[in-house]
Amino acid sequence: MLRAGSIHLWPALACLLLVKARLQAQETAERVVIVARGGKLSEAEVSPSPQLKVPALWKLALEGISLTRVELKDGVRLPSSPDELKQWLLPAGIAAEVVDWRRGSGGEAVASGGVQTLHKLFGVPPAPTAAEAAGVAAFLAAFGPTRVPELATQGQAVTTQDLGWLARSAVTIVRVDAVSDGAAAASERDELLDKVMEKAGPAANIMVVNLPERGAGTVIARGPRLKKARVSEKPRSIAAVKGIVSLLFDPIAAEKNPAIEQESVHEIFK
Amino acid sequence: MRSSNKPLLALLVGLCVLLGAARAHSQQDLPQRVDAAIHRGRAALLPRLAAQLNAPPKEYPMGNIALSLAALLKSHVPTSNQVIQQAFERLETMAPAETYSVACYLFALDAFWQATYKESLQQAKRHGKSNSPPVPRVPPDGPVRSKMQSLVSWLTRGAGGSWHYRGRAGGDLSNTQFAVLGLEIGLQNNLEVPGEVFRAVAEQLVSSYHVTGEPISLGIVYLTPAWEGITPGRTRVANAKVAPGGWSYSFDPKADPSSTMTAAGLSSLLVARRALNGTTGYDPKLAREVDRQVEGALAWISTHFASYLASGPWLYYGLYGLEKVGDISSAKILGKYDWYLEGARLILRLQQQNGTWGSEVNTSFALLFLTRATRSHVQTFGPPVLITSGDGARVKDDSSDLVFVSKLGGFVSASTLFGFLAETRDPLMIPLVEEAEKGFPPHRVHQVFSLLLPLWSDENDAVTQHARTTLELIAGLRGGDRRSFETLGRSLGRMRELERAGEATGLEVAELLDSSESPLLARRALDLVDRLGLLEAFPAVISKLTSSDAHVLRRSKEVLARWTGERAPVAHADDPAPTVAAAWRAWWAREGSAFVASRRAARLIEDIDRANDGLAQDAAARGLSKLGQDAVPHILQAMEKGEYSIHLVRVLETITGKTVGIRSEDWRRQLAGSAVLK
């Protein structure tokens, strides 16, 4: 029973409410899928065109924003480590699943990254006393259980055919290491993008980060808060790209971040 | 001998003086005697109508009741009278079946509404000025209007220009005259009446007209409508030499005309002519023939006037026909006869002790003659004036044609006011229309044109002179014929449409600019070119650099300088106007097409940037692609800003046939040295 006057119970309840609210927000928020591509990308995969054989990427460009100059100094390459990749692209504290896509029959994708639990993301409340636990149980019974999504475990093999791995986390990074710039390989990578766009749905934030072996990189992204059919040629660093990603998660907090240029915000976001 | 004749001569002179005085007295007190006769007549007819309601006549029950009802309302029996109310209730229960009856029902409804309107005006006068009369001149949407419309529709069912007892087709002139007068009521109340009906009526009458003799000299004195407090009307004499002619009951062109049917044919032809005048479907050949037959029938009536006063079963029917002819044509004297004076005297003499003229039908016709029932609304009341507080600020929207006239102390419909002047050609009305003209806001000046042009007739009278002078003044043109002002009026009307729409093509505005030398039109067109940046109109703008109007000249220079960035290419700005104009023409010949393409490309790129939806972006992108290689430098220039629409990439690929991607520097590198950038 919940005792009136049990003052030390209120912080625990407030914490639970916060967890519940944030979990629900997480469940209903737009999905974020980042396709990070490196290696031997063809020209068309970096700078698409309606007449080149990358229809999915062109469609993404038409529906969103294209950043044409991501500067890759000193031979910056796509990190092979999932943690490093997350560090590159995601703001601290964001849980994400990283899958490594490799070209092959069936288009297998293997989940190779670590998963941060929601507890780690939102913090864990101190363990309640027995009486508090009973009160919390009563509270949860009244409001329904807070479901924690079942997350993939490290190393679980997934395929592109059913794309089930996309549904396991609100934030997914697909690592694509291009080993060939031939037309067939480029076409296969574009097909992956097409399937991801279709599966994630029109409300999802989808961002393709192209880090080619030569020349500048590009970012092509669409999302509910992103501008449509625009091209921005302003030079940007990988850090700036990370700033843009953080805007997807928390626009207000990001606005206060001095590392994010307001000019970029206006060029990219609606 | 001489001395013995003097008393006789004195006696004869005295008798003549006495007779003349008696006749003059008789004419002077005629209005009072007519009023008394109407009063007695209506008092006698009202109970008879009540009896008709209790036991409707077996033949034409609707027509008999409606005719009595119309006569009583025209005789100023109040609309609130119980018998009147009951009569309408009874009519409502009857289905339309006969032409006479349907037409009489329309007379009755029209008489009811006009009486209601007049009663409301009198009430407003009694209670001082109010914001507006409580009852509009024509019935608004509601039971009266819908009933009138259904009756008009009943009359117009079928085909041809004549009616029989049960509708439109074949038939006789007697049914036809009632049907046509019913349709005129429809027109006066702004109901839908197909124009083809009146054309068919005119053709039917023209084809059945019978000329009876050699041309005779005919003099007609017209009395134009009066307007209480403004003008008593004015007389106008017209002399012509015309062959008399008329119509027979069965539309037989070989049959001798009769008095009743010539009046019926003439009144119907006058109604049809009024309806057809000014419409596009009025064939000039038919119009000339109608005019000739109108004069011929007036001549026939003036030479057979005695037959209208001869006793017989159709006396009152014939007199009512005469009243329609006289009042629709505004004729006061036909030949040597004052038709109303002669007819009224006879009717007064024939009124019976009980106040009637025999049957209800004859009594009704007699009352309709005496009350001059056919006089149009305008003739009876003058244009309606909406009384306001007088500040003239109440009505401002374009949809209204109300203008404030301080002489009237309120707003008046401009079209009705000018229409009244067109009909009366009474110079006393000119100060009123002058005030209305001055009160028109500048953007509605085209409406003044359409009001003034109908006043410009072949008669070189004061009204025509006023119309011509005012049009010249407004247009800023000296001389010019009626046709040139018609063109200008149309151009100004179109200009207003374009101004309101906020979009126009340069070619159309250029055409408008070239259509007239009027500085008024030029100023409006130049403003529109400037506002919308209509580059294709620049050749026409350049032609205005030689305008003698200082404002037009200044605006032309401004527009050219603003949109081209050039002040006076080649020539010096202070050079004579023809030299400056020649320099601009040479510049345009040299650079015009590239300049237009460049501005158009810039605008389409802007459209792509501004468009909120994909369809609009696609449309603008297609337009840009159509410009071809001229557009490429502008697209690359837009991309140089570093932030652009991806649709520009699509357009570049379409125009050049190259696949380069989304980066502008790749495009510049790819196209460097190619013809498109030269």
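Residues that are under 27 Å from B:D35 (Cβ atoms) and either part of a helix (DSSP H, G or I) or touching a helix residue (DSSP H, G or I) at 6+ places or on another chain (Cβ under 8 Å) (or both): does segment B:153-172 have at least one? No, that holds for no residue.
Taking the residues in segment B:219-238 that are aliphatic (A, V, I, L, M) and touching a Lys or Arg at 6+ places or on another chain (Cβ under 7 Å) as candidates, determine which candidate is nearest to B:L408 (Cα to Cα).
The first filter runs over segment B:219-238 and keeps only residues aliphatic (A, V, I, L, M), leaving B:220-221, B:223, B:226, B:230, B:237-238.
Remaining after also requiring touching a Lys or Arg at 6+ places or on another chain (Cβ under 7 Å): B:221, B:223.
On the way: B:V221: 29, B:L223: 23 Å.
The residue in question is B:L223.
In segment B:563-621, of all residues being of a type in the set (D, E, K, R), surrounded by 14 or more Cβ atoms within 10 Å (Cβ to Cβ) and part of a helix (DSSP H, G or I), the one that is farthest from the other protein chains (Cβ to nearest Cβ) corresponds to B:R585.
Any residue that is under 25 Å from B:S258 (Cβ atoms), buried (at least 18 other Cβ atoms within 10 Å of the Cβ) and not aromatic (F, W, Y) - is there at least one of those in segment B:144-152?
Looking only at segment B:144-152, we keep the residues that are under 25 Å from B:S258 (Cβ atoms), and these are none.
Scanning segment B:144-152, I find no residue that is under 25 Å from B:S258 (Cβ atoms), buried (at least 18 other Cβ atoms within 10 Å of the Cβ) and not aromatic (F, W, Y), so the answer is no.
Can you find even one residue in segment A:3-11 that is under 20 Å from A:L192 (Cα atoms) and either more than 14 Å from chain B (Cβ to nearest Cβ) or at pLDDT 85 or above (or both)? No; the residues of segment A:3-11 include none that is under 20 Å from A:L192 (Cα atoms) and either more than 14 Å from chain B (Cβ to nearest Cβ) or at pLDDT 85 or above (or both).
So which residues in segment B:308-346 are β-branched (V, I, T) and within 22 Å of B:C104 (Cα to Cα), if there are any at all?
B:V325, B:I328
Residues that are crowded, with 20+ Cβ neighbours inside 10 Å, in contact (Cβ under 8 Å) with a residue 60 or more places away in the chain and within 13 Å of chain B (Cβ to nearest Cβ) within segment A:44-58 comprise A:A44, A:E45, A:V46, A:S47, A:P48, A:V54, A:L57, listed in sequence order.
Which residues, counting only those in segment B:81-124, are part of a helix (DSSP H, G or I), hydrophobic (A, V, I, L, M, F, W, C) and over 20 Å from B:E184 (Cα atoms)?
Within segment B:81-124, the subset part of a helix (DSSP H, G or I) is B:82-92, B:99-124.
Checking the rest, the ones that are also hydrophobic (A, V, I, L, M, F, W, C) come to B:83-84, B:87-88, B:91, B:102-104, B:106-109, B:111-113, B:115, B:121, B:124.
B:V83, B:I84, B:A87, B:F88, B:L91, B:L121, B:A124, listed by residue number.
The set of residues in segment B:641-655 being more than 9 Å from chain A (Cβ to nearest Cβ) and either out of contact with any Ser or Thr (no Cβ under 8 Å at 6 or more places or on another chain) or among the charged types (D, E, K, R) (or both) consists of B:L652 alone. Of all the residues in segment B:622-640, those that are within 13 Å of chain A (Cβ to nearest Cβ), assigned to a helix (DSSP H, G or I) and more than 21 Å from B:G506 (Cα to Cα) number 4. A single member of B:R42, B:R48, B:R90, B:R33 is charged (D, E, K, R) and either on the phi > 0 side of the Ramachandran plot or touching an Asp or Glu at 6+ places or on another chain (Cβ under 6 Å) (or both), and it is B:R48.
B:R668 passes every criterion in (1) modelled with pLDDT of 90 or more; (2) crowded, with 16+ Cβ neighbours inside 10 Å; (3) more than 11 Å from chain A (Cβ to nearest Cβ) apart from (2).
Candidates in segment B:620-653 are the residues that are farther than 15 Å from B:A597 by Cα and basic (K, R); of these, the one that is modelled with the lowest pLDDT is B:K641. Among the residues of segment A:230-243, write down those that are surrounded by fewer than 23 Cβ atoms within 10 Å (Cβ to Cβ) and either within 12 Å of another protein chain (Cβ to nearest Cβ) or among the aromatic types (F, W, Y) (or both). A:R230, A:S232, A:E233, A:K234, A:P235 - these are the residues of segment A:230-243 that are surrounded by fewer than 23 Cβ atoms within 10 Å (Cβ to Cβ) and either within 12 Å of another protein chain (Cβ to nearest Cβ) or among the aromatic types (F, W, Y) (or both). Kindly indicate whether B:A240 is in contact with a Leu (Cβ under 9 Å, 6 or more places away or on another chain), at pLDDT below 90 and under 25 Å from B:I333 (Cα atoms). The answer is yes for B:A240.
Check segment A:62-78 and report whether any residue there is facing another protein chain (nearest Cβ under 10 Å) and assigned to a helix (DSSP H, G or I). Yes, there is a match, as at least one residue in segment A:62-78 is facing another protein chain (nearest Cβ under 10 Å) and assigned to a helix (DSSP H, G or I). Consider B:V445 carefully, then state whether it is β-branched (V, I, T) and in a strand (DSSP E or B). No; evaluated as a whole, the condition is false for this residue. Restricting B:Q86, B:Q123 to residues that are at pLDDT 90 or above and more than 28 Å from the chain's Cα centre (by Cα) narrows the list to B:Q86.
Summed over segment A:76-103, residues that are out of contact with any Leu (no Cβ under 8 Å at 6 or more places or on another chain) and more than 20 Å from A:K234 (Cα to Cα) total 14. Scanning segment B:475-504 for residues that are buried (at least 19 other Cβ atoms within 10 Å of the Cβ) and outside any loop (DSSP other than H, G, I, E, B) returns B:A475, B:F485, B:L488, B:G489, B:S491, B:L492, B:M495, B:L498.
Quick one: is B:G233 modelled with pLDDT under 95 and in a loop (DSSP other than H, G, I, E, B)? It is true that B:G233 is modelled with pLDDT under 95 and in a loop (DSSP other than H, G, I, E, B).
Yes/no matrix, rows are residues, columns are (1) outside any helix (DSSP H, G or I); (2) among the hydroxyl-bearing types (S, T, Y); (3) touching a residue at least 12 places away in the same chain (Cβ under 8 Å):
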site: B:K285; (1), (2), (3): no, no, no
site: B:W300; (1), (2), (3): no, no, yes
site: B:Y308; (1), (2), (3): no, yes, yes
site: B:S311; (1), (2), (3): yes, yes, no
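The values are calculated or read from the model by the stated rules, or taken from the named source; none is laboratory data. Being a predicted model, the structure only gives us computed values, none of them experimental. Note that we place each Cβ from the backbone using ideal geometry, even for glycine, and neighbour counts take in every protein chain shown.
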